[in-house]
Each structure stands twice: as structure tokens, then as C-alpha cells.
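The values are calculated or read from the model by the stated rules, or taken from the named source; none is laboratory data. Computed from a predicted structure; not experimentally measured. So basically every Cβ, Gly included, is an ideal-geometry build from the backbone, and we count neighbours across all protein chains shown.
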Amino acid sequence: MPKIRASDLAGKLGCKVIGDGGAVITGAASIEKAGKGDLTFFASAKFRKALSTTAASAIVSREDPGRGDIAVILSENPAYDFARALWILYPAKGREPSISPLAAVHEESMISEFATVMPFCCVERGVTVDKNAVIYPGVYLGEGVHVGENTILYPSVTVYHGCRIGKNVIIHAGAVIGGDGFGFARHGGGYLKIPQIGNVVIEDDVEIGCNATVDRAALGETRIKRGTKLDNLVQVGHNVEIGEDCIIASQSGISGSVKIGDWVMLGGQTGVADHLEIDSGIMVGAKSGIPWSLSAKKSTGWSGIPALPHKKWLRTAVSMEKIPDMLKKINRLEEELEKLKSEKGG
Amino acid sequence: MPKIRASDLAGKLGCKVIGDGGAVITGAASIEKAGKGDLTFFASAKFRKALSTTAASAIVSREDPGRGDIAVILSENPAYDFARALWILYPAKGREPSISPLAAVHEESMISEFATVMPFCCVERGVTVDKNAVIYPGVYLGEGVHVGENTILYPSVTVYHGCRIGKNVIIHAGAVIGGDGFGFARHGGGYLKIPQIGNVVIEDDVEIGCNATVDRAALGETRIKRGTKLDNLVQVGHNVEIGEDCIIASQSGISGSVKIGDWVMLGGQTGVADHLEIDSGIMVGAKSGIPWSLSAKKSTGWSGIPALPHKKWLRTAVSMEKIPDMLKKINRLEEELEKLKSEKGG
Amino acid sequence: MPKIRASDLAGKLGCKVIGDGGAVITGAASIEKAGKGDLTFFASAKFRKALSTTAASAIVSREDPGRGDIAVILSENPAYDFARALWILYPAKGREPSISPLAAVHEESMISEFATVMPFCCVERGVTVDKNAVIYPGVYLGEGVHVGENTILYPSVTVYHGCRIGKNVIIHAGAVIGGDGFGFARHGGGYLKIPQIGNVVIEDDVEIGCNATVDRAALGETRIKRGTKLDNLVQVGHNVEIGEDCIIASQSGISGSVKIGDWVMLGGQTGVADHLEIDSGIMVGAKSGIPWSLSAKKSTGWSGIPALPHKKWLRTAVSMEKIPDMLKKINRLEEELEKLKSEKGG
């Protein structure tokens, strides 16, 4: 359990504190559920009411709720400074560096003496694992794989041969990096599997969710660039390139050879057809289907199946339920017009 | 192979048997594929024809097909009594309780002497596993995890630290419980990971499908309540609460902080946006996209992207293909009206 | 690194070579990225320009680009012959047959002396593994499972008891074969799990993607026929039958008891409702929702939610964004017609 004075925490954050700076913080909770000892934060107008009633002992906030009974840690970016505070209250636990005698580690691999390899990992020939990396149980590292400093691979992650994982990367349980891309050449008698001789490169600071899958390239590489985050169950096809600091929400699927710029956000369950380009800075709404390249010049927000500029899609989406009525009205209009015409003609 | 007289089986089920009560049951099959020795059931009008032709030796049915050649086990709820019969014919095989010497079990954990821990499981400090629990190979139980009585964790399940699994729970192979929620605080230079310091609570009688993922809470808990069933590849975001006896079909995704009531059914590939509420008793059609909270007062059935009351959606869905024709008709109406107006004006 | 003369490679492929047949091939790359020593191929008009500028040393092509500086391997089916060439340049690496002493293999199982079982695999009673099969680390083979010749099971694959895997099958990391179908009988107090007593049969030459899930049958079998390919994260429900040489793209979900013919293609994220039939030869566009059986007589291409014949859907999809305008026009038409009528009446 953490224990720190609000004023000390504010000092570490470089923030000003007002109100009861001596309040002792022993936990953290949402603004609605927080109680005595908890730190919380206020970042959304939706919770304005809770700002004056929360039972938290301290709050990170952009504004002063005018309460003397709690500590208010002032911040221009409360969600960010609250996250920083959580890292102070709940520092990541290190693991004692060691290679478990219950792991199967090829003698021709290079594991830093400051790395951790837990039981039942299988490390093949030519693998390198840099310092402070933590490899949880049941991980498989194929021949020639590289794992950078401070990177964490959670249980049962598989990294196929030749893939390269950067520094400070987090790959959650069950994710698979470098499985064969889905490529088959049709011929008279069926399909011939196309050898997938490329690899996957995961750059620094990337996070990949549980049971996500990132396929190796057919030729060349599949690349996920610095700082990008993939949520659980995301699929990335072969030869895809995803830029920096992208956010790809759960169950989205990115088909082969797609090129995504920087700072792109894809909502959950989005699908992107193959060989498209998505410009930097574009946001795509959840459950969209993207059959064409998206240009930021045309719109920075896209939604729908097929994807339209977000505002156009919003208008379309709300009017869809009116189609049956429209049909009726059109039929009545046709009848009335016919009547008018015949009366006129008659 | 099971072997039981139809009359004896009916007795165990508390059902009346008519026809050939002496028929010997040695297997089970669908009404269309059943042969001599098989038990089958009749629960859907779709198979009425098969009722009089099935080669099964015994049938669980609400009605009497008037056949003397087979045993008819009368039931008010044939699907349910057939399932009960299967449990009698094919009782779950117990496993000899034991902790495999090939598992890595922390000395400061508490495994019941009546539990089974198979090879290559990794059990961390402070874990408790109650009696009759079965932990298949390759499972990872993080620090402080609790696994209740009779619970089965199939191969390669990962349960992150601090999560609590109730009694009689089934978690299928590859599912991940308690991975980090997808939360990042944006700042000038990129994203800061928000520590996910909450946990996941899985209540009694829950079943979770293969490769499904349930994220731990950012703060507080993610909770799946008693009796709820998640199908394969379902995603449950951080801080979600799912009520009792819900059925969540395959590949559905539930975003962070959603609150779902009891007896809710979500069709496959449904997506629910974050922070919404879905009232108890609501049924959602497959592949729906839910961008707003669903009120049972407004409708108990919802479908579509975005989700509409089911009947309204049905009307909309069937009329969508008429849009191109509607467009043509509107253009023609405009022309004709212009013509009428100009004739009138002229 | 491969090293072969273009003329020798062409000879092995049974193709004619023109241009610089003596060019030495040491690698392979896409037509745009290829450099000296690389083999590439030309199969899509999209890359016609690159045909005359590529720096590759050799190209598999249907037509002669008229360049004397590179080797042109003539082929009626360039993608196919390029794939064949890759198999020659990069032959699959065999593994030394062996059963790892770090695997847990039941004494009453039959592993061919020519098969490979890697560390941390768990092989239960009655399993048979035929020659040249390769079982990667962390795989679980339940009681009575059969694995055919030359089949590869990548890390952390789970095959539940009683399932049968054919020859030359590839199952990628984390895939789960034979988990329980999603079946529950509702009764007054909740749901009773319906025992899933069937199995899964995977025929020869099938490939199954990373973290895909194929459920065992409730009664009888779930079957995936010869040559069919499932991409990552695909879900196949209980009692499904998929025909030969089908291509099921990533994140598609096939509900229980669906019957799919031969040579069917499903685009990514497609969903198929339960108990439907899809005729042989049908192609379904990505992200489609299929609520009814698809007849090849009606159309061989289908798309949309709900799925329509592809051409009809295309017309519908492009016209959807016009709905808001249509609404406005209809309202104006109604007003004008009213005005005309009242003028006429007045």
C-alpha cells in the first residue's frame, strides 16, 4: 500500500497543491468511488458534480473546486499527471534477473545477465535478450529473435524466427508475432502456400494487447513504429507498416500491405482492406470498414461501412432508420403526382 | 461407451417414458443423424419431419410421436432434459488430484491437496487453488490469484496477478484474464501508459471461451457475474461489469466501463462503445454496433449499426437495398413536378 | 542465403528463360524493392511501370518486358511459379526428429521416431503423432488426439481430446482446436452447459492461423476439409462443416452448424449466422453479415450487412451517403405537391 503526503506527491509531479496538502494518500480510485486516503482526478465535465462531493483525500484537477477539506493538485493535464502519480504510488515491480533452470535456452543464444527468463520458456539458437527484459513463462522465441532492453513479454507469447522487438516494449499474454502472412497462389489443383520469408519489426515503446497477432512479411518486413499501441485481439497482416504513436483499438483488423501514418487512431472492430494508405492524424470510428485509402486533406475523421467523412456518416447513420418511411412517402408522392397529371390531362 | 435402458434414464431424469422403454442407449446424436442405440431430442418444429423417421432408439420430446418402436422420454423442456441426459451418459472425467513435479509452484502458494496442477504450469507467490480445481498444462497464475473449487483452467490460460476466479468456472484454452486495460494519457511527446492497478473478478459458474480476453481494471475491478458465459475470442475492456446469466457470443467486444445487466444476450461480433449501460434482459442481434445505452423500456431487442430497436432495424435492413431505386424515383419525381409546375405556369 | 543461376532456377520450374539467364539469384523481394541479386515477379497491371525499372536480377513474368539486362522467367501463372521458386530458394528447414526430455509424454501414446516433440509439450494418453510431424513448445495434445504426417503445430497450440488432424496441416501459434461449442440449455434457474461430446476433424493440407479457434461438435463432428485455409483469429463454431480449398480471412466468425461448400472465400471480419448453407464457389466481401443461406444460383458474390448480391450491394453502399439529401428532397417534394394541389383546389 502506498503512503505519501499530497504535498510531497505534488512536489514530485512539479505541480502546485492547494487545500489540505498534508492529506495522506494510501490508494487511488475513480472520482465516484474514491474514499478516505484515495487520490483521484477530474478531467471530464461529465463528472463535475462529483468534484464537489468526492470523498477522495486528494484530487488532480485543472481547476480549484474551492474545497478546503481535500488536497487539490493543480495540473494542466490531469489525466496525464494522475497517470504519473500512479507510477509513483505503484512503481513497477522489478524481477530478480535470472534464467530459470526450467527454461530451455539454446546454448548459442545471448541472454543478458540482467534479464529474466522464467520457467518453460523456449529460446532458440541465435536469440538475443537485452538487459532488464522480462520473459514470462511459456514464451517461445524463435531462431534469431531479438528482444530489446526493458521489454516485457507476458506468458505464452510466441515470437517466430527472425523477428525483432525493440526497447521498452510490452507484449501481452498470448500475442503472436511473426506468424505466416496469409498468402496462397491459386493453381489448377488448389492453393500453393507462398513462403513468408520476411519478418516483423516492433520498434521501441510499442504495446501489443493480449492474443493480438502480427504476421511476418511475405518479402521484406512488417513494421510497427515507435510508441504505437495495439489493443487485444488486433490482427495485423503481412507487410503492413504502422506509423508512430498510433492507437489501434481491440479486434481491429489491418489487411496486408496497408500503410498507416503517425498518430492514427482506429476504433474497435475496424477493418482495413489490403494495400490502402491512411494518412497521419486520421481518426476512424469504431466498427468502420475501410475499402479505400483515407486522405487527411479530405477529412481527418472517418466512420461507417464503407467509411465516409465522419460528419457525413453521422448524418447518414441517423437517417438510415427513416428509409422505410421514405419508401412509403415516395410511393405516395408517385401516386399523387400521377393523380394530378391525370386530372390535368382529363 | 454409455449403456443404459431408456426407462432407467427416464427415471434418473424424473421423466415419464412411453413406447419401448427397454431400448438400450449407447450413444447420442442429432435427430437427423441418430441411429440404433442413440438418444436424441426434438425441440424445434424445423425437425418435425425427422420425428417420425429418426432411427434413434430413444428421444426426449415434449410430445408423443405415436411410435411404439422407440422410447419417448417426455419432457416439458427437451433441450434441457437432453443436456441432463448427456451428463448422465457422459459424466465429466475427474483427474487424479496431484501437483505435477513438472510444474513450477511457488512455495508460498496454497494448492488444495484435492486439486490438480498439470505439467508446465507456473504458480506464483500467494496463489490459492481450492479443491477439485484442475489446472491444465501451460497455465500461468500470477501473484495472489485465487482459483475456486471445481474450476477448470484449460491449457495456456493466463491469469494476471491479483485476479479472482470463483467456483465451478470453466476457462478455455488460451484465454487471458487480467491483462492491462487499454489506457494511455496523451501528452506533448506521445502517450504515457496509465498503470492498471485494479483486477478482474470472475464469479461462480462463469464459462469463458477459447482465446477470449478480459482486461483488469484501471482502478477498482472488472467483474463478470455468476453464471455468465463468454464465447471464444470475446473482448472485455477494463472496468466493465457484466451481470448474471448473460450470453456473449463469439468475437463480441465490450469497451471500457460498460455496465451490462442480468440475462443480457449479445449476438456474435457485436461491439459496445465505452461507458454505456445495457439493461437487464436485453437481446442484441449479431454484428450490432452499440453507440448508446440500451433501455429495456424502449425495446428489449436491438440490432444494427448503429443499433435500433430490433423491429425498426428489420424494416430498415430489408429496405436498404432499395435506396438506389429510391434515388432514381426521387429524381424522376422532381423532374415531373418541375414539368407540372412549368406547364401550370406556362 | 540462396545462390542459383536464373537459368537453373527456370529449369527446375520447367519455365523458359530469356534475357540474362546467367544472372545469379541470392534473394527475393517485391518488384518495387528488389535490388541486385533479387528474384521478383510481375502479376498485376498495377506494377506495370516497375516492370521496366525494377533493379531485380530476375523476374517471373507472363510477358517479356524486352529487357536484356535481367533474366525473365516466362510463366503462365507468375504468382504461382514465383511461390514455387521461393520454395526452391528457401526450402523448409527440417528439424532433427526427437522427443524432448523436457516434454511430458504419456507412456501410452505413439510418437513416430521420425517426429519432433519439443520442450514443454504435454501429450496425453492414446495420442498418435505420425512421421515428420513437428510439435513446437507448449503444445497440448489431449487424450486420443491424432496428428498426421508432416503436420506442424506451432507453439502453444491446444488440441482438445479426441480431435483428429490430418497430413501436411499447419496450425499456427495459439490456435485452439476442439474447445467446447457454445451450447447451453436455458431452464428456470439459469443455464445448463450442454456437454460437447463430439470432436473436430481437420483434413489434409489445411492451414489454420494464429489464435484461431475451432470448436468441437456438440454431437458428431466439426470438419474442415482438405486444403482449406483459415486466417488468424477466425472462429469456427460447433458442428460446422467447411468444404475443400476454402479461404476464410482473418477475424471471420462462422456460427454453429453452418455448412460451407468448396472453393468458398470469406473476406475478413465476416460473420455467418448459425445453421446456414453457403454454396460452393461463393465469394463474400469483407465485413459482411450473413443472415441467410447463400445460393450460387442467385449470385456468386455477396457483400454487406445483411449480405446482398455483390453488385446490388455496391449500388446500395455508394448511395447510402445520399440518404440525408433524399430526406430533404422528399420533404420538399411533399411541400411542393401540397402547394400544387392547394393551388389547383383554390
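Values computed for the structure shown
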item	result
Options C:Gly142, C:Gly162, C:Gly138, C:Gly188: the member that is at pLDDT below 95 and not aliphatic (A, V, I, L, M)	C:Gly188
Selected residue (only one of B:Asp279, B:Asp325 is on the phi < 0 side of the Ramachandran plot and loosely packed, with under 15 Cβ neighbours inside 10 Å)	B:Asp325
Unique match (being within 14 Å of chain C (Cβ to nearest Cβ) and either under 25 Å from the mean Cα position of the chain (by Cα) or among the aromatic types (Phe, Trp, Tyr) (or both)) among B:Pro119, B:Pro137	B:Pro137
Residue among C:Ala28, C:Ala6, C:Ala45 that alone is among the aliphatic types (A, V, I, L, M) and touching a helix residue (DSSP H, G or I) at 6+ places or on another chain (Cβ under 8 Å)	C:Ala28
Residue in the stretch B:88-102 that is in contact with a Cys (Cβ under 7 Å, 6 or more places away or on another chain) and in contact (Cβ under 8 Å) with a residue 40 or more places away in the chain present	no
Among residues of the stretch A:25-39, those that are of a type in the set (Val, Ile, Thr), in contact with a Phe, Trp or Tyr (Cβ under 9 Å, 6 or more places away or on another chain) and either without any contact (Cβ under 8 Å) to a residue 24 or more places away in the chain or surrounded by fewer than 20 Cβ atoms within 10 Å (Cβ to Cβ) (or both), counted	0
Residues of the stretch B:296-320 satisfying the condition of being farther than 19 Å from A:Leu314 by Cα and among the hydroxyl-bearing types (Ser, Thr, Tyr)	B:Ser299, B:Thr300, B:Ser319
Subset of the stretch B:31-53 [modelled with pLDDT of 95 or more and among the polar types (S, T, N, Q)]	B:Thr40
Residues of the stretch B:320-344 classified as more than 7 Å from every other protein chain (Cβ to nearest Cβ) and farther than 24 Å from C:Glu336 by Cβ, total	0
From B:Ile73, B:Ile31, B:Ile88, residue being within 14 Å of another protein chain (Cβ to nearest Cβ), within 31 Å of the chain's Cα centre (by Cα), of a type in the set (Val, Ile, Thr) and not in a loop (DSSP other than H, G, I, E, B)	B:Ile88
Identity of the residue in the stretch A:234-251, under 11 Å from C:Ser250 (Cα atoms) and more than 10 Å from the chain's Cα centre (by Cα), that ends up farthest from the other protein chains (Cβ to nearest Cβ)	A:Val236
Hey, A:Gly189 without any contact (Cβ under 8 Å) to a residue 12 or more places away in the chain and out of contact with any helix residue (DSSP H, G or I) (no Cβ under 9 Å at 6 or more places or on another chain) or not	yes
Some residue of the stretch B:111-120 being aliphatic (A, V, I, L, M), farther than 30 Å from B:Ile25 by Cα and in contact with a Gly (Cβ under 9 Å, 6 or more places away or on another chain)	yes
Filter result (over 29 Å from C:Gly227 (Cβ atoms) and not β-branched (Val, Ile, Thr)) within the stretch A:188-220	A:Glu203, A:Asp204, A:Asp205, A:Glu207, A:Gly209, A:Cys210
The listed residue being modelled with pLDDT of 95 or more, within 30 Å of C:Tyr160 (Cα to Cα) and away from chain B (no Cβ under 14 Å), out of C:Glu108, C:Glu124	C:Glu108
Selection within the stretch C:144-160 - polar (S, T, N, Q), closer than 12 Å to C:Ile177 by Cβ and within 10 Å of another protein chain (Cβ to nearest Cβ)	C:Thr158
Hey, A:Gly256 surrounded by fewer than 24 Cβ atoms within 10 Å (Cβ to Cβ), within 14 Å of chain B (Cβ to nearest Cβ) and in a loop (DSSP other than H, G, I, E, B) or not	no
Long-range neighbours under 9 Å by Cβ, at least six apart or interchain, first residue more than 23 Å from C:Phe120 (Cα to Cα) and assigned to a loop (DSSP other than H, G, I, E, B) within the stretch A:150-168, second of a type in the set (Lys, Arg) and modelled with pLDDT of 95 or more	A:Asn150/A:Lys131; A:Asn150/A:Lys167; A:Thr151/A:Lys167; A:Gly166/A:Arg226
Residue match in the stretch C:140-149 (condition: in contact with a Phe, Trp or Tyr (Cβ under 6 Å, 6 or more places away or on another chain) and within 19 Å of A:Ala104 (Cβ to Cβ))	no
Residue in the stretch C:307-319 that is facing chain A (nearest Cβ under 9 Å) and surrounded by fewer than 18 Cβ atoms within 10 Å (Cβ to Cβ) present	yes
Meets criteria (out of contact with any Cys (no Cβ under 6 Å at 6 or more places or on another chain), on the phi > 0 side of the Ramachandran plot and surrounded by fewer than 20 Cβ atoms within 10 Å (Cβ to Cβ)) for C:Gly138	no
Subset of the stretch A:287-345 (residues that are of a type in the set (Lys, Arg) and in contact with a strand residue (DSSP E or B) (Cβ under 7 Å, 6 or more places away or on another chain))	A:Lys287, A:Lys298
Filter result for the condition that a residue is surrounded by fewer than 22 Cβ atoms within 10 Å (Cβ to Cβ), in contact (Cβ under 8 Å) with a residue 24 or more places away in the chain and not in a loop (DSSP other than H, G, I, E, B), over A:Ala50, A:Ala10, A:Ala79	A:Ala79
